[in-house]
Every structure is written in structure tokens, then in C-alpha cells.
Amino acid sequence: GLGFNIVGGTDQQYIANDSSIYVSRIKKDGAAYLDGRLQEGDKILAINGKDLKDLRHKDAVELFRNAGYHVSLKIQRRLQPQNGPVGHQGDGESGGLPLAAILVPGLALAVTAVWILLRYRQRM
């Protein structure tokens, strides 16, 4: 799995008058925990480009179960940690990135640095 639990949906509102999907728990040593970007209380706006607005809880769960290996989440960060319902920043939305993208940033930086170094040396 993706390593987190969700709450919410049109049939199981976590916050009154809000049918959004929220992260309720990050499982220790799961994919989301190891990635480090997702936090408990985050509102999930979309998964792999599929909007989660106005979905029943079980339909949202099914989307997550069938998401595949490379997953992109569009989230809205909570304002601050709380017990119970969470507060959110206005309309500020953060863009989603595939979970796998965090696994190789060092390699990408190293390749870029080597390429720049080689280009610089060729000009000398």
C-alpha cells in the first residue's frame, strides 16, 4: 500500500459540511512515511490527476488501492497540527509529485553537476 489511511468522503464527512478526503494516519516505515512529504491532516485533492471532490469514502479508497506504483498526490497542507478536525490554509494548494521522485534527487543533482563540469571543461 501507500502507507497511510484516509478519512472523509460525501458519506463520512470528517469535518462538518466538508466531504474532502484527509490523511488520518501515516504508517511508520510505509511509502508515505519514508517519502516524508505527506502529513497527517493533509487534505488530498487529487490522485494521479483524478479529482477526489464529491466521492464516497469507499470510492476514494478504491482509487488509492488501484493507483499503481507511481503515485502523484495533489494536497492542501493543514495550517497546524491539531487533535480532531484540522485547520487549513485558504486556497493554497501544493502541486503533487510522484512518490518515486524523492527516491533519486541526489542522482539527478549529481548527473547535472557532472554535465555542467564537462561542458565547462570543454570550453577551456
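Quick notes on this structure:
- Filter result for G36 (on the phi > 0 side of the Ramachandran plot, in contact (Cβ under 8 Å) with a residue 60 or more places away in the chain and of a type outside the set (K, R)): yes
- V104 being in contact with a Lys or Arg (Cβ under 7 Å, 6 or more places away or on another chain), modelled with pLDDT under 90 and not basic (K, R): no
- Qualifying residue in the range 78-94 (condition: at pLDDT 90 or above and open to solvent by less than 80 Å² (accessible area, probe 1.4 Å)): no
- With respect to the conditions (1) surrounded by 13 or more Cβ atoms within 10 Å (Cβ to Cβ); (2) within 15 Å of V7 (Cα to Cα); (3) at pLDDT below 90; (4) not polar (S, T, N, Q), K43 lacks only one, and its number is (3).
- Of the residues making up the range 36-57, those that are outside any loop (DSSP other than H, G, I, E, B) and closer than 19 Å to R77 by Cβ are K43, I44, L45, A46, I47, D51.
- Of residues in the range 1-35 being among the hydroxyl-bearing types (S, T, Y) and under 18 Å from R77 (Cα atoms), the one least open to solvent (accessible area, probe 1.4 Å): Y22
The values are calculated or read from the model by the stated rules, or taken from the named source; none is laboratory data. Model, not experiment: these values are computed from the prediction. Reconstructed Cβ throughout: ideal geometry from the backbone, glycine too, with neighbour counts over all protein chains shown. In case anyone asks, the SASA skips ligands and DNA or RNA and just uses the protein heavy atoms, side chains included. Shrake-Rupley method; radii C 1.70, N 1.55, O 1.52, S 1.80 Å.
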